[in-house]
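Take a look at the structure set out below.
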Amino acid sequence: MERGDFLPFLLLLPVMLVVFFVMFLPLVYGIVISLFDYHMGDLDFGRDFVGLGNYIRMMQDKVFWKSTVNTLYFTAGAIAGDLFFGTLVSVWIQSLNERIRPIIRPIVTIPLLVSPIIIGLIWKYMFNINGGMVYWILSWFGLGAEQFPGLAGSATAMLCAIIAHWWQVIPFVVIVLSSGLVSIPNDYYEAAEMDGASFIQKFFKISFPSLMPQYMVILLFNGVDAIKVFDIIYALTGGGPNNSTMSLSLYAYKNAFDHFDMGYAMAISNATMLISFLVFGIVFVRYNAKARKEGIKG
């Protein structure tokens, strides 16, 4: 082996060390902790080895399953709204005059500058039954807390959390999709107009297929972020009422820092990571396989 063959390895070594200490080592440590009945403050870690005991306990935990359903419900609602409303706003901005676009885009992206905890607190006051902006608007239509209990209702609290998430994340979707829309040649739209295509037909025949790579990026980032949701729900409801908004990350947090049961909290965290991998890993594997087949056929 020649001396120059070691150069790529040496150049990659700093990054590999960062990945090892920041990602791989904490992951292994979390898996090890989940195999013990370990509580925060215990000085004799390693004494109470339970193997898969925490995972068996998790399978029998009704709150864990409730949290799993809540998390998947939040993820589905969050992604659906992100993609739908993000697409509407992106297409609307793209249809504006070129002089107005540079003004509107920065305004739309303002929520990205706000911390999720602060966003949760903002929307908590907006959903306040006594004088919140949401109920002020609902009063125009003769509606109130009886028709829409908001954060106080088990059936509506998660919807409130999803709406707060939309307000925070849609600007990111707009940035990604706008970059994709700008890259589509105008010749495609002009040719479609000559063929008599409507606005909707131009979107589904030209814009939507061209934006698939951007949609997959959004699905990856927003989907993983939604599955591990913590900040907004913690600030809005704290998991209530009656665990109706309890997410997996929030349940792990409560077990770790309210009950100091670190072993069980780590087991829940590992389960969250596995669910995230199964849901989005399979989606991306299938998408890449389909893209390869289409590339080979093309």
(message) Between I33, I119, I184, where does the largest GNM mean-square fluctuation fall for the chain, given springs only between Cα atoms within less than 10 Å?
(response) I184
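Please give the per residue volume of the convex hull enclosing the alpha carbon atoms of the stretch 71-126, rounded to a whole number of Å³. Don't skip to the answer; put the middle values down first.
Values: hull volume 5.4 nm³, N = 56.
Value for the stretch 71-126: 96 Å³ per residue.
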(message) So the label point goes 7 Å from the Cα of V217 along Cα→C-beta, right? Which residues of the stretch 55-98 then have their backbone N under 20 Å from it?
(response) 79-95
(message) Below 8 Å between Cα atoms, with a sequence gap of 6+, how large is the relative contact order for the chain in percent?
(response) 29 percent
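Would you mind getting me the FRET efficiency between N243 and K205? Use the beta-carbon distance for r and R0 = 51 Å, nearest 0.05. Show your work: numbers first, answer last.
Working: r = 45 Å, r/R0 = 0.89.
In this case the efficiency is close to 0.65.
In the structure displayed, which of K254/K290; K202/K290; K124/K228; K62/K290 lie more than 31 Å apart, Cα to Cα? Could you put the intermediate results ahead of the total?
Values: K254/K290 41 Å; K202/K290 24 Å; K124/K228 20 Å; K62/K290 38 Å.
As for pairs spanning more than 31 Å Cα to Cα, those are K254/K290; K62/K290.
Which value in deg cm²/dmol, rounded to the nearest 500, describes the helix-derived mean residue ellipticity at 222 nm for the chain, given -39,500 (n - 2.57) per DSSP H run of n ≥ 4 and division by the residue count? Please report the intermediate quantities before stating the final value.
Details: 15 runs with 190 residues, N = 298.
When only DSSP H runs of four or more count, the value is -20000 deg cm²/dmol.
What translational diffusion coefficient, to the nearest whole µm²/s, does the chain have by Stokes-Einstein, given a Kirkwood radius computed over alpha-carbon pairs, a temperature of 10 °C and 1.306 mPa s viscosity? Walk me through the intermediate numbers first.
Numbers: Rh = 22.6 Å.
Roughly 70 µm²/s, to the nearest whole number.
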(request) Over every pair of different alpha-carbon atoms in the stretch 174-218, take the mean of 1/r and invert it; report that Kirkwood radius in Å. (result) 10.9 Å
(message) Given bins 5 angstrom wide, list per bin the percent of all Cα-Cα distances in the stretch 42-191, short to long.
(response) 2, 8, 12, 13, 13, 13, 11, 9, 8, 5, 4, 2, 1, 0, 0
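Every number in this text was worked out from the coordinates using simple rules, so none of it is lab data. All values derive from a computational prediction rather than experimental measurement. FYI the Cβ positions are ideal-geometry reconstructions off the backbone, even for glycines, and counts take in every protein chain you see.
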